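Take a look at the structure below.
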Amino acid sequence: MKKIIIWVLAVLFIWGVLTVWVEKEGPYDKWNMGNIYASKKVLILYDPDPFYNLDQQISESIGRVCADNDFNVTIATVAAMKDIKTTDYQLYVFCANTYNWAPDWAISKAIEKQLKITGKDVIAVTVGAGSTEYSQKSFEKLIKAKKANLLDSKSFWFWKANDESKTSKSNVKVAVEMSTDWVTKILKDLNKRKP
């Protein structure tokens, strides 16, 4: 019994240390795409995962789609928010990593405490190993609580197949392709509503 208790405590300790490490705010990074003089501006925000860069690849994929649709695009990590006037954007894309079945603390805290997005259009992306259902719902709830206009929300995975018909292809490549198609459709619908 004593060995079991020690083993459980050791697992909990390692889990706790790993959680704190992956949840801490990642490094500073910020770059622009598209027409810098465009009247439409989008902010794509994510906090880098220390193991996989699916969040960055999805953010860049969405950024390219927005740039192709005449948006001035800013892609930034949460750490770079201090150098961005975050109220200047018409569209926001938030990409959350999933840790312990929940959206990462850095992006959640940024949305909850630092961003004024009431009435703003938002696209939500949740990435994870493959168990993102609860995380995605929590992320949507957080965005709606800020009274933002959530246009759509989607999950992409780096382990679980994103498309069962394309299992021979890299799962990450499939996720990037899917995100491109998905956001292209959202922007098309948005342009119909907002001439």
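The values are calculated or read from the model by the stated rules, or taken from the named source; none is laboratory data. Note that the coordinates shown come from a computational prediction; the quantities given were computed from them, not determined experimentally. All Cβ positions, even for glycine, are placed from backbone atoms using ideal geometry, and neighbour counts span all protein chains on display. Surface accessibility is based on the protein's heavy atoms, side chains included, excluding ligands, DNA and RNA. Shrake-Rupley method; radii C 1.70, N 1.55, O 1.52, S 1.80 Å.
May I ask you to verify whether Thr118 is open to solvent by 50 Å² or more (accessible area, probe 1.4 Å), more than 26 Å from Tyr52 (Cα to Cα) and at pLDDT below 90?
no
Looking at Ala129, Ala145, Ala124, can you tell me which residue is modelled with pLDDT of 95 or more and touching a strand residue (DSSP E or B) at 6+ places or on another chain (Cβ under 7 Å)?
After ruling out the rest, the residue left standing is Ala124.
Which of the residues belonging to region 31-46 are closer than 15 Å to Ser59 by Cβ, open to solvent by less than 80 Å² (accessible area, probe 1.4 Å) and in a strand (DSSP E or B)?
If the condition is that a residue be closer than 15 Å to Ser59 by Cβ, open to solvent by less than 80 Å² (accessible area, probe 1.4 Å) and in a strand (DSSP E or B), then Trp31, Met33, Val42, Leu43, Ile44, Leu45, Tyr46 are the ones that fit.
Give the residue that is nearest to Glu140 (Cα to Cα), with candidates limited to residues of region 161-194 that are part of a loop (DSSP other than H, G, I, E, B) and out of contact with any helix residue (DSSP H, G or I) (no Cβ under 8 Å at 6 or more places or on another chain).
Lys194
Can you find, within region 21-30, the residue that is least open to solvent (accessible area, probe 1.4 Å) among those that are without any contact (Cβ under 8 Å) to a residue 60 or more places away in the chain and farther than 21 Å from Gly130 by Cα?
Per the criteria, the residue is Asp29.
Of all residues in region 53-89, which are hydroxyl-bearing (Ser, Thr, Tyr), outside any helix (DSSP H, G or I) and within 19 Å of Thr180 (Cα to Cα)?
Matches in region 53-89: Thr74 only.
Residue by residue through region 53-67, note down the ones that are open to solvent by 50 Å² or more (accessible area, probe 1.4 Å), in contact (Cβ under 8 Å) with a residue 12 or more places away in the chain and out of contact with any strand residue (DSSP E or B) (no Cβ under 8 Å at 6 or more places or on another chain).
Answer for region 53-67, where residues must be open to solvent by 50 Å² or more (accessible area, probe 1.4 Å), in contact (Cβ under 8 Å) with a residue 12 or more places away in the chain and out of contact with any strand residue (DSSP E or B) (no Cβ under 8 Å at 6 or more places or on another chain): just Gln57.
How many of the residues making up region 90-105 are outside any strand (DSSP E or B) and open to solvent by 10 Å² or more (accessible area, probe 1.4 Å)?
Number satisfying all stated conditions: 4.
Could you tell me whether any residue of region 128-138 is of a type in the set (A, V, I, L, M), closer than 22 Å to Ser61 by Cβ and not in a helix (DSSP H, G or I)?
Within region 128-138, one or more residues are of a type in the set (A, V, I, L, M), closer than 22 Å to Ser61 by Cβ and not in a helix (DSSP H, G or I).
Here are the criteria: (1) over 25 Å from Asn171 (Cα atoms); (2) touching a helix residue (DSSP H, G or I) at 6+ places or on another chain (Cβ under 8 Å); (3) modelled with pLDDT of 95 or more. Tell me which single one Trp105 does not satisfy.
(3)
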